[in-house]
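Input: a single structure, listed below in structure tokens.
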């Protein structure tokens with residue numbers, strides 16, 4: 001059965017009123033379908049090579065635990081924290097978990113836009129009908145997911161490691177500070193990928209910013225044992241508050257007030273998010 005050339009079998013006649021006016025958005029609210037697609041793309045990208053992106057960082061972090069507990073934790077060595085004596089392995093284990101989460105969140109989000117610029121496929125991110133907020137949410141969502149995958153893998157390995165008590169006392173603090181920290185590094189990674197022109201630039205931020213800040217944030221020691229000058233420097237390090245709050249979730253004690261640390265990281269996330277949103281909206285260093 002044939003139909004009129006300008007009339008579909010079910011849709012009726014095609015008129016000028018069927019099309020939106022120029023400049024009028026077809027998707028008036030959140031493009032949930034597009035956001036979900038971008039998020040799944042980001043997750044599948046790192047999960048396709050999970051041996052490299054999830055399990056290898058987990059094994060490396062576990063080796064840190066083995067080396068430091070054997071070299072420094074022998075003989076029942078303990079750390080004094082807020083009047084409590086904590087076994088050295090129990091003290092460093094939460095810090096190692098969240099440190100791996102932070103580094104992998106940064107690695108994931110700093111790769112997406114950068115590889116698009118280098119390979120000339122950045123149009124795949126800029127052309128789909130996604131708003132700036134949806135694009136930023138999809139990129140950060142994939143990075144946060146990778147961070148929790150790595151953190152879960154490390155935690156699972158440590159649960160079965162002898163001599164380490166890694167059962168959370170405050171699960172909300174583990175999830176909250178893990179999320180805030182992963183989001184902070186995700187946004188920093190997006191900012192790096194916007195600025196960077198080649199992989200060397202992203203590697204420089206990793207080696208000279210992310211790695212030193214994570215290693216010098218109280219992961220392997222209590223900042224209370226430092227001199228006043230270095231204590232002040234440590235309190236200026238945002239990684240310190242992330243690790244301190246995350247450790248509180250496992251041990252019930254922390255190097256800093258939990259509410260203060262949460263407020264500081266939340267404020268930094270908001271500032272970084274605003275900066276990334278503004279740069280993405282303007283297309284700085286992304287559009288010719």
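The values are calculated or read from the model by the stated rules, or taken from the named source; none is laboratory data. Note that the structure is predicted; figures quoted are calculated from it, not measured. Quick reminder, even Gly has a Cβ in these numbers, built from the backbone with ideal geometry, and neighbours come from all protein chains shown.
Mind checking which pairs have a first residue in segment 121-135 that is in a helix (DSSP H, G or I) and a second that is exposed (fewer than 14 other Cβ atoms within 10 Å of the Cβ) and modelled with pLDDT of 90 or more, Cβ under 8 Å, 6 or more apart or different chains?
126/283; 132/281
Could you please let me know if residue 20 is over 19 Å from residue 144 (Cβ atoms), at pLDDT below 60, loosely packed, with under 10 Cβ neighbours inside 10 Å and over 18 Å from the mean Cα position of the chain (by Cα)?
no
Test residue 92 against the criterion of being exposed (fewer than 15 other Cβ atoms within 10 Å of the Cβ) and part of a helix (DSSP H, G or I), and give yes or no. Show your work before the answer.
Values: exposed (fewer than 15 other Cβ atoms within 10 Å of the Cβ): no; part of a helix (DSSP H, G or I): yes.
Against the criterion (exposed (fewer than 15 other Cβ atoms within 10 Å of the Cβ) and part of a helix (DSSP H, G or I)), residue 92 does not qualify.
So, in segment 230-288, of the ones that are more than 23 Å from residue 168 (Cα to Cα), without any contact (Cβ under 8 Å) to a residue 60 or more places away in the chain and outside any helix (DSSP H, G or I), which residue ends up nearest to the chain's Cα centre (by Cα)?
Checked segment 230-288; the qualifying residue nearest to the chain's Cα centre (by Cα) is 237.
Does residue 178 qualify as being in contact with a helix residue (DSSP H, G or I) (Cβ under 7 Å, 6 or more places away or on another chain) and under 16 Å from residue 103 (Cβ atoms)?
Details: in contact with a helix residue (DSSP H, G or I) (Cβ under 7 Å, 6 or more places away or on another chain): yes; under 16 Å from residue 103 (Cβ atoms): yes.
Against the criterion (in contact with a helix residue (DSSP H, G or I) (Cβ under 7 Å, 6 or more places away or on another chain) and under 16 Å from residue 103 (Cβ atoms)), residue 178 qualifies.
Looking only at segment 137-183, filter to residues that are out of contact with any strand residue (DSSP E or B) (no Cβ under 9 Å at 6 or more places or on another chain) and part of a loop (DSSP other than H, G, I, E, B); which one of those is surrounded by the fewest Cβ atoms within 10 Å (Cβ to Cβ)? Walk me through how you get there before you give the answer.
To start, the set of residues in segment 137-183 that are out of contact with any strand residue (DSSP E or B) (no Cβ under 9 Å at 6 or more places or on another chain) comprises 137-162, 166-183.
Right, trim to part of a loop (DSSP other than H, G, I, E, B) and you get 160-162, 166-170.
Working: 160: 8, 161: 14, 162: 5, 166: 21, 167: 10, 168: 16, 169: 12, 170: 16.
So, considering only residues that are out of contact with any strand residue (DSSP E or B) (no Cβ under 9 Å at 6 or more places or on another chain) and part of a loop (DSSP other than H, G, I, E, B), the one surrounded by the fewest Cβ atoms within 10 Å (Cβ to Cβ) is 162.
Any chance segment 281-288 includes a residue that's modelled with pLDDT under 95, in contact with a helix residue (DSSP H, G or I) (Cβ under 6 Å, 6 or more places away or on another chain) and at negative phi? Write out each step before concluding.
Residues of segment 281-288 modelled with pLDDT under 95: 281-288.
In the following step, the residues that additionally are in contact with a helix residue (DSSP H, G or I) (Cβ under 6 Å, 6 or more places away or on another chain) were identified as 281, 285.
In the following step, the residues that additionally are at negative phi were identified as 281.
Yes, the conditions are met somewhere in segment 281-288.
Here is a check on your reading of the model: is residue 211 surrounded by fewer than 22 Cβ atoms within 10 Å (Cβ to Cβ), closer than 30 Å to residue 133 by Cα, without any contact (Cβ under 8 Å) to a residue 12 or more places away in the chain and within 16 Å of the chain's Cα centre (by Cα)?
Values: surrounded by fewer than 22 Cβ atoms within 10 Å (Cβ to Cβ): yes; closer than 30 Å to residue 133 by Cα: yes; without any contact (Cβ under 8 Å) to a residue 12 or more places away in the chain: no; within 16 Å of the chain's Cα centre (by Cα): yes.
Judged against the criteria, residue 211 is not a match.
Tell me yes or no: at least one residue of segment 189-198 is at pLDDT below 90, outside any helix (DSSP H, G or I) and either under 18 Å from the mean Cα position of the chain (by Cα) or more than 21 Å from residue 147 (Cα to Cα) (or both).
Initially, segment 189-198 is screened for residues at pLDDT below 90, giving none.
Scanning segment 189-198, I find no residue that is at pLDDT below 90, outside any helix (DSSP H, G or I) and either under 18 Å from the mean Cα position of the chain (by Cα) or more than 21 Å from residue 147 (Cα to Cα) (or both), so the answer is no.
Select from segment 245-264 the residues that are touching a helix residue (DSSP H, G or I) at 6+ places or on another chain (Cβ under 6 Å) and either over 21 Å from residue 191 (Cα atoms) or crowded, with 22+ Cβ neighbours inside 10 Å (or both) and list them in ascending order. It would help to see each step written out before you state the result.
Of the residues in segment 245-264, the ones touching a helix residue (DSSP H, G or I) at 6+ places or on another chain (Cβ under 6 Å) are 245-250, 254-256, 258, 261, 264.
Answer for segment 245-264, where residues must be touching a helix residue (DSSP H, G or I) at 6+ places or on another chain (Cβ under 6 Å) and either over 21 Å from residue 191 (Cα atoms) or crowded, with 22+ Cβ neighbours inside 10 Å (or both): 245, 246, 247, 248, 249, 250, 254, 255, 256, 258, 261.
Sort out which residues of segment 214-229 are assigned to a helix (DSSP H, G or I), within 21 Å of the chain's Cα centre (by Cα) and buried (at least 17 other Cβ atoms within 10 Å of the Cβ), and write them in order of number. Full working, then the answer.
Step one: of segment 214-229, the residues assigned to a helix (DSSP H, G or I) are 214-215, 223-225, 228-229.
So of that shortlist, the ones also within 21 Å of the chain's Cα centre (by Cα) come out as 214-215.
Scanning segment 214-229 gives a single hit, 214.
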